[in-house]
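Notes follow once the structure below has been shown.
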Amino acid sequence: MSEHIVSPKVYIGIFLSLMVLTAATVAAAYVNLGAFNIVIALAIASLKATLVVLYFMHARYSPNRTHMVIIAAVFWLAIMLALTLSDYVTRDRDLAENAQVTGMLGS
Amino acid sequence: MHRTGELYGQFETLEQQKESAALGMWVFLSTEVLFFGGLFMTYTLNRHYYPVAFGVGSNTLDLKLGGLNTVILILSSLTMAMSVWASHVGKRKQTAGFLVATLLLGTAFLGVKVIEYKQKFDHHLVPGYHFQIDYRVQHPAPKDDPKEIEAEKEELNKAFAKDPDLNAHAQLYFSLYFGMTGLHALHMIVGAGMLVWLIRQSMLGRFTPTYNTPVEMIGLYWHFVDIVWIYLFPLLYLIDRHR
């Protein structure tokens, strides 16, 4: 792949999209969607991060070696989150029961 | 002697040389993902266990200042990207100009952060011996809107009813707030230092269409720091705005 120069028009378009998504995430936070508030907040943040990685950081125009490193970073983060949470979430029941017995946790 | 982008012996082509630099930078950034990842993990667990305290803590943050900082930081990413473009097409003055704009916006971000931290010190919301989640409603300042204080008092009463240990659990939120935004601010300060060096180099005319690797690499770092904030903003400021 020869060197790819991204034009300023693309950068400005990405910037405007990021602004719109920022406004959307603030607006969505004021609507009560229960458990879905956090899902929407993270989905919008991930969409913004993807735009930054693909265009501002030129990942779209980078060789596959670079893609592999980016995917590995996300994958390692996912391992940490998934394995740690799988431990805590499966213990949650015991913790809640103990809390009721000893009154340690608030609610 | 300074680099001009000549081919080093271990590479076959200039393209390969540039791609190797970018690959190394991405490997470094992947370690940074996990560096911040530990804090995000801690945040997730504590928010899961103490949702009431995290909601109350989040609502004490100034959404206007947080939103302003989000705009400032994304704008600084744009100027950084523009500087990379200018160096690629050989516009030396614009390269330096966009770098100066990036540095100014980064400094503005840190300035807003100082204002926010100052508020938290004033309201006794810094974890430690003097931490008191209801300090502001107990000691309202003359300029505070009485209606706002009344609403906050009501919110705190409800929160204390749900979580009697609210004061302790809110400290967890603020420990994470200062830890995460502090580590992010530290990255901004390091980035600002690198920008100062880049601006000097670009004014000396060191960057040309054939050699602009430092602009690109520091650009990658700057955009990464922007991405961290893109996640921090909703996770810290927007937990419980809907009521």
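Throughout, read-outs are computed from the coordinates displayed, never taken from laboratory work. The structure presented is a predicted model; accordingly, all values stated were derived computationally and were not measured. In this analysis, Cβ positions are derived from the backbone assuming ideal geometry, glycine residues included, and neighbour counts consider all displayed protein chains.
Quick notes on this structure:
- Rounded to whole Hz, the Karplus (6.51, -1.76, 1.60) HN-Hα couplings of the stretch B:78-90, x for glycine and proline: 5, 5, 5, 5, 5, 5, 4, 4, 4, 5, 5, 9, x
- Measuring between their Cα centroids, the stretch A:14-67 and the stretch B:183-211 lie 26 Å from each other.
- Averaged over the residues of peptide B:32-43, the number of Cβ atoms from other protein chains lying within 10 Å of each residue's Cβ is 3.
- Phi-derived couplings, Karplus 6.51 cos²θ - 1.76 cosθ + 1.60 at θ = phi - 60°, listed residue by residue for the stretch A:38-47: 5, 4, 5, 4, 6, 5, 5, 4, 5, 5 Hz, with x used for Gly and Pro.
- Along principal axes, Cα extents of the stretch B:134-243, largest first, whole Å: 65, 29, 23
- Label-point gap, in nm, between B:V196 and A:I12 - each point 7 angstrom along Cα→Cβ: 3.3 nm
- Most tightly packed first, judged by the mean number of other beta-carbon atoms within 10 Å of their residues, the peptides B:200-210, A:54-64, B:167-177, B:9-19 read B:167-177, A:54-64, B:200-210, B:9-19.
- Shielding of A:52-64 by partner chains, average beta-carbon count, 10 Å: 5
- Shielding by partners - mean other protein chain Cβ count within 10 Å, residues of A:16-28: 4
- Computed label-point distance, nm, for sites B:T107 and B:V27 using a 7 Å Cα→Cβ extension: 3.6 nm
- B:V196, B:V56, A:V53, B:V114 arranged by Cβ crowding within 10 Å, fewest neighbours leading: B:V114, B:V196, A:V53, B:V56
- A Förster distance of 30 Å, applied to the separation of the beta-carbon atoms of B:I149 and A:A27, puts the FRET efficiency at 0.70.
- Here the gap between B:T44 and B:Q138, fully extended at 0.36 nm per residue and compared with their Cα-Cα distance, gives a gain of 30.8 nm.
- Furthest towards positive pole of dipole, B:M180, B:V196, B:F207, structure part the stretch B:125-234, Cβ charges: B:F207
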